[in-house]
Every structure is written in structure tokens, then in C-alpha cells.
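Undergrad: Quick one: the structure is below, questions incoming.
No value in this document is a laboratory result; all are computed from the given coordinates. Computed from a predicted model, the values in this text were never measured in an experiment. Cβ placement follows ideal geometry from the backbone for every residue including glycine, while neighbour counts extend to all protein chains displayed.
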Amino acid sequence: MNLKKLLIILVSFLLGFSVHAEELKEKKNNNTEFNVYTGMFDFSDDGKRSTLIGFQHQNENLNRDTFLGNLSPITGAMITADNASYFYTGVQAHYKIGSLNLTPSFTPGYYNQGDGKDLGHALEFKSEVQLSLELPKESQFGFSYNHLSNASLGSKNPGANSYMFNFLKKF
């Protein structure tokens with residue numbers, strides 16, 4: 001399946017889920033956030049850059065206020081046009097600055113090279129920072145930057161720098 005078809009399916013799913021979520025809104029609080037994103041994987045490597053698409057879930061019932069800010073677990077996956085994939089789970093912090101949100105995160109995960117870049121190990125660590133703007137109806141639009149690295153666990157550690165455009169929706 002090509003990347004455009006996958007993007008259309010994900011957006012259709014999100015919009016369909018949004019309609020269902022409006023029906024449930026009166027019955028429960030908005031406690032789940034979905035983040036659909038697309039961008040450029042390893043934009044700094046001319047030879048292995050590739051478009052990417054991904055999906056991330058956060059359950060706000062698991063949020064905790066700590067001395068580091070509001071922390072919550074996240075889980076997600078991304079795939080590139082070169083069939084490289086990354087499945088991850090970790091933690092994110094949330095800082096609200098007016099209608100802007102600053103969201104740094106750290107997620108270890110499983111990386112599969114596919115036909116994409118060899119990052120040197122199956123275990124990769126993603127450090128990310130996201131800046132998003134609140135929109136009506138419990139939505140946000142944002143931009144994020146991340147770095148994947150295996151922390152020198154493998155024989156090589158080239159890393160990958162990526163940027164994404166994000167659409168976030170609470171249900």
C-alpha cells in the first residue's frame with residue numbers, strides 16, 4: 001500500500017471517529033488524544049530521506065502532575081515511504097503557554113529498517129519536541145522535530161532527524 005493511500009485511510013478514520021466522539025461527548029469527558037502526523041524522515045541525509053506518516057495515542061486518565069510538569073504515557077507508530085517502521089511507547093510532558101502547547105517526549109521503541117536507513121540496532125530512542133496551537137473543538141495543529149538514536153548500542157549509530165506536521169484531536 002502506498003503512502004498516499006495510507007494517509008487517506010488514517011484521515012478518514014480520524015474524521016469518522018470524530019463524528020462518533022461528538023455523540024459520546026455528553027456521556028464522558030475527553031480523555032483520549034490521537035495525533036496523526038506526516039513529514040520527512042531523516043531530512044538531513046540526502047541519500048536516505050523519506051516521507052513518513054504516523055499515529056500516536058495518549059490516555060489523559062493516566063496523566064500525572066509532577067515536579068517536571070504534567071506527564072503522561074504515549075504509544076505510537078510511524079512508517080516511511082521506504083517501508084522503514086518504528087513502534088514506540090514512552091512518556092511526554094505537557095506545558096501550556098496561552099493557546100500554545102509545548103510537548104517534549106522520550107520514547108524507546110522497535111525500529112525495522114525495511115528498504116530505508118540502517119540505524120544500527122532494532123532498539124532506538126526517540127527524543128521529540130512539539131509545538132502546537134489549540135484549535136476549536138478539542139483540536140490542535142502543530143509542528144514537531146525528533147531525533148532517533150540507538151545510544152551506541154549497535155556497531156554504528158548514524159541517527160535520524162525528522163520533522164512532522166501534527167493534527168491532534170481529543171475524544
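Undergrad: Just checking: which of the strands (runs of 3 or more DSSP E) contained wholly in the range 49-121 hold 1 or more residues that are surrounded by 14 or more Cβ atoms within 10 Å (Cβ to Cβ) and not β-branched (V, I, T)?
TA: Values: elements: 50-59, 64-66, 69-80, 85-97, 100-112.
Hits in the range 49-121: 50-59, 69-80, 85-97, 100-112.
Conditions (1) under 18 Å from T38 (Cα atoms); (2) of a type in the set (A, V, I, L, M); (3) in contact with a Cys (Cβ under 6 Å, 6 or more places away or on another chain), marked per residue:
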site: G98; (1), (2), (3): no, no, no
site: S105; (1), (2), (3): yes, no, no
site: P108; (1), (2), (3): no, no, no
site: L123; (1), (2), (3): no, yes, no
site: Q140; (1), (2), (3): yes, no, no
site: H147; (1), (2), (3): yes, no, no
site: S152; (1), (2), (3): no, no, no
site: N161; (1), (2), (3): yes, no, no
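Undergrad: Would you point out the residue of the range 147-158, among those that are free of Cβ contacts under 8 Å to residues at least 40 places away in the same chain and part of a strand (DSSP E or B), that is nearest to the chain's Cα centre (by Cα)?
TA: From the range 147-158, those free of Cβ contacts under 8 Å to residues at least 40 places away in the same chain are 147, 149-157; that's our starting set.
Within this subset, residues satisfying the condition of being part of a strand (DSSP E or B) are 147, 149.
Numbers: H147: 12, S149: 16 Å.
Here the answer is H147.
Undergrad: Shifting gears a bit: Taking the residues in the range 45-74 that are small (G, A, S) and under 19 Å from the mean Cα position of the chain (by Cα) as candidates, determine which candidate is nearest to E138 (Cα to Cα). Steps first, please.
TA: To start, the set of residues in the range 45-74 that are small (G, A, S) comprises 47, 50, 54, 69, 72.
Subset that is under 19 Å from the mean Cα position of the chain (by Cα): 50, 54, 72.
Numbers: S50: 31, G54: 20, S72: 18 Å.
Restricting to residues being small (G, A, S) and under 19 Å from the mean Cα position of the chain (by Cα), the top hit is S72.
Undergrad: Which numbered condition trips up N112, out of (1) out of contact with any helix residue (DSSP H, G or I) (no Cβ under 7 Å at 6 or more places or on another chain); (2) among the polar types (S, T, N, Q); (3) over 27 Å from K156 (Cβ atoms)?
TA: (3)
Undergrad: Mind checking which residues of the range 36-48 are in contact with a strand residue (DSSP E or B) (Cβ under 9 Å, 6 or more places away or on another chain), on the phi < 0 side of the Ramachandran plot and either in a loop (DSSP other than H, G, I, E, B) or surrounded by 22 or more Cβ atoms within 10 Å (Cβ to Cβ) (or both)?
TA: Hits for the range 36-48 are Y37, F41, F43, S44, D45, K48.
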